[in-house]
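Asker: Below are the structure tokens for one structure; questions will follow.
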């Protein structure tokens with residue numbers, strides 16, 4: 001199918017009245033594919049024309065293979081029907097569970113629970129990479145008042161931080177100033193070229209300013225704190241991950257409780273018969 005024709009086709013289909021939404025956009029023998037079916041699972045950020053084109057091609061391939069398969073596979077095979085029924089049941093159950101989660105599940109996770117989990121499972125939070133709390137400012141070698149910038153990058157004063165931020169916005173080649181969050185050192189390592197000797201030196205002292213120079217730029221790197229690979233992760237660094245772990249555990253507990261409740265209610269009813 002030519003691309004220009006597809007765009008024209010989509011333009012017509014998207015402009016159809018609601019009563020025409022079931023119009024098919026592809027067919028193979030007696031089977032038809034509708035635009036509604038195609039767009040049912042379209043990701044929001046994917047171009048519609050490209051997605052539809054890909055789905056049409058995929059659908060036609062499947063229909064061709066299915067048509068061939070029916071020559072060898074009995075559609076009325078009991079095992080096949082049983083698997084289809086079980087799969088449909090699972091889809092219905094999963095849809096029901098999703099509705100329960102969206103409408104009735106409390107997503108709140110207490111900080112005390114996060115802290116307790118962190119304390120009880122320290123082996124789960126061993127660092128696989130070095131992490132740092134740091135600031136970096138990369139400036140042109142010709143920048144004036146270098147000493148002033150060096151003073152600002154290590155400051156704790158809010159007004160001076162605003163001054164540094166404004167300078168970086170106007171003049172810095174690159175910068176990162178939020179030293180209140182833990183970051184993988186590799187984030188900064190990509191921005192500066194340093195030797196292995198210099199890298200070891202960085203992880204020897206906290207609250208230290210380092211300066212690295214290449215042909216064009218000066219990289220000012222202030223390391224406020226660090227944790228080495230193999231050490232236990234700081235709680236703030238893994239806080240969000242633990243919260244998600246506990247939220248998933250709570251989801252499963254929530255669903256299990258509903259399942260047990262429904263099962264017990266059914267046992268006390270007259271609907272269950274075990275022969």
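The values are calculated or read from the model by the stated rules, or taken from the named source; none is laboratory data. The shown structure was predicted, so the numbers you read here are calculated from the model rather than taken from an experiment. In this analysis, Cβ positions are derived from the backbone assuming ideal geometry, glycine residues included, and neighbour counts consider all displayed protein chains.
Asker: Could you please let me know if residue 242 is more than 30 Å from residue 126 (Cβ to Cβ) and outside any strand (DSSP E or B)? Let's see the steps before the verdict.
Answerer: Values: more than 30 Å from residue 126 (Cβ to Cβ): no; outside any strand (DSSP E or B): yes.
No.
Asker: Here is a check on your reading of the model: is residue 210 in contact with a helix residue (DSSP H, G or I) (Cβ under 9 Å, 6 or more places away or on another chain) and surrounded by 10 or more Cβ atoms within 10 Å (Cβ to Cβ)? Don't jump to the end; show me each part of the working.
Answerer: Numbers: in contact with a helix residue (DSSP H, G or I) (Cβ under 9 Å, 6 or more places away or on another chain): yes; surrounded by 10 or more Cβ atoms within 10 Å (Cβ to Cβ): yes.
Criteria met by residue 210.
Asker: Return a yes/no flag: does region 253-267 have any residue that is closer than 30 Å to residue 131 by Cβ and surrounded by 15 or more Cβ atoms within 10 Å (Cβ to Cβ). Outline the logic, then answer.
Answerer: Filtering region 253-267 for residues closer than 30 Å to residue 131 by Cβ gives none.
No, because not a single residue in region 253-267 is closer than 30 Å to residue 131 by Cβ and surrounded by 15 or more Cβ atoms within 10 Å (Cβ to Cβ).
Asker: Those residues that are out of contact with any strand residue (DSSP E or B) (no Cβ under 9 Å at 6 or more places or on another chain) and under 30 Å from residue 121 (Cβ atoms), I need them from region 210-236; list them, please.
Answerer: Within region 210-236, the first condition is being out of contact with any strand residue (DSSP E or B) (no Cβ under 9 Å at 6 or more places or on another chain), and the residues that meet it are 214-215, 235-236.
Matches in region 210-236: 235, 236.
Asker: Does residue 119 count as within 18 Å of residue 234 (Cβ to Cβ) and in contact with a strand residue (DSSP E or B) (Cβ under 9 Å, 6 or more places away or on another chain)? First the steps, then the outcome.
Answerer: Details: within 18 Å of residue 234 (Cβ to Cβ): yes; in contact with a strand residue (DSSP E or B) (Cβ under 9 Å, 6 or more places away or on another chain): no.
For residue 119, the condition - within 18 Å of residue 234 (Cβ to Cβ) and in contact with a strand residue (DSSP E or B) (Cβ under 9 Å, 6 or more places away or on another chain) - is not met.
Asker: Just the residues that are in contact (Cβ under 8 Å) with a residue 24 or more places away in the chain and farther than 20 Å from residue 227 by Cα, please, taken from region 107-125.
Answerer: Just the residues of region 107-125 that are in contact (Cβ under 8 Å) with a residue 24 or more places away in the chain, to begin with: 107, 109, 113-115, 117-118, 122, 125.
Passing the criteria: 107, 109, 113, 114, 117.
Asker: Examine region 258-275 for a residue that is in a loop (DSSP other than H, G, I, E, B) and at positive phi, and state whether such a residue exists. Explain how you work it out, then say what you get.
Answerer: Going residue by residue through region 258-275, those that are in a loop (DSSP other than H, G, I, E, B) are 268-275.
Imposing the further condition that a residue be at positive phi reduces the set to none.
For region 258-275, residues in a loop (DSSP other than H, G, I, E, B) and at positive phi: absent.
Asker: Follow-up question, since we're still on this one. Can you say whether residue 4 is touching a strand residue (DSSP E or B) at 6+ places or on another chain (Cβ under 9 Å) and either at pLDDT below 90 or closer than 30 Å to residue 250 by Cα (or both), as far as the supplied structure shows?
Answerer: Values: touching a strand residue (DSSP E or B) at 6+ places or on another chain (Cβ under 9 Å): no; either at pLDDT below 90 or closer than 30 Å to residue 250 by Cα (or both): yes.
So residue 4 does not fit the description; no.
Asker: Still on this model: Are there any helices (runs of 4 or more DSSP H) wholly within region 22-127 with 3 or more residues that are under 27 Å from residue 254 (Cβ atoms) and at pLDDT 90 or above, and if so which? Can you show your working first?
Answerer: Values: elements: 35-39, 48-69, 78-104, 111-120.
Result: 78-104, 111-120.
Asker: Oh, and also: Which one is surrounded by the fewest Cβ atoms within 10 Å (Cβ to Cβ) among residues in region 129-158 that are part of a loop (DSSP other than H, G, I, E, B) and within 33 Å of the chain's Cα centre (by Cα)?
Answerer: Looking only at region 129-158, we keep the residues that are part of a loop (DSSP other than H, G, I, E, B), and these are 129-130, 141-145, 154-157.
Add one more test, that the residue is within 33 Å of the chain's Cα centre (by Cα), and what stays is 129-130.
On the way: 129: 11, 130: 18.
If we take residues in region 129-158 being part of a loop (DSSP other than H, G, I, E, B) and within 33 Å of the chain's Cα centre (by Cα), then 129 is surrounded by the fewest Cβ atoms within 10 Å (Cβ to Cβ).
Asker: A further question on this structure: Restricting the first residue to region 187-211 and requiring it to be assigned by TED's automatic domain parsing to the domain that holds residue 221, which pairs with a second residue that is surrounded by 14 or more Cβ atoms within 10 Å (Cβ to Cβ) and part of a helix (DSSP H, G or I) meet a Cβ separation below 7 Å and a spacing of at least six or different chains?
Answerer: 209/150; 209/153; 210/202
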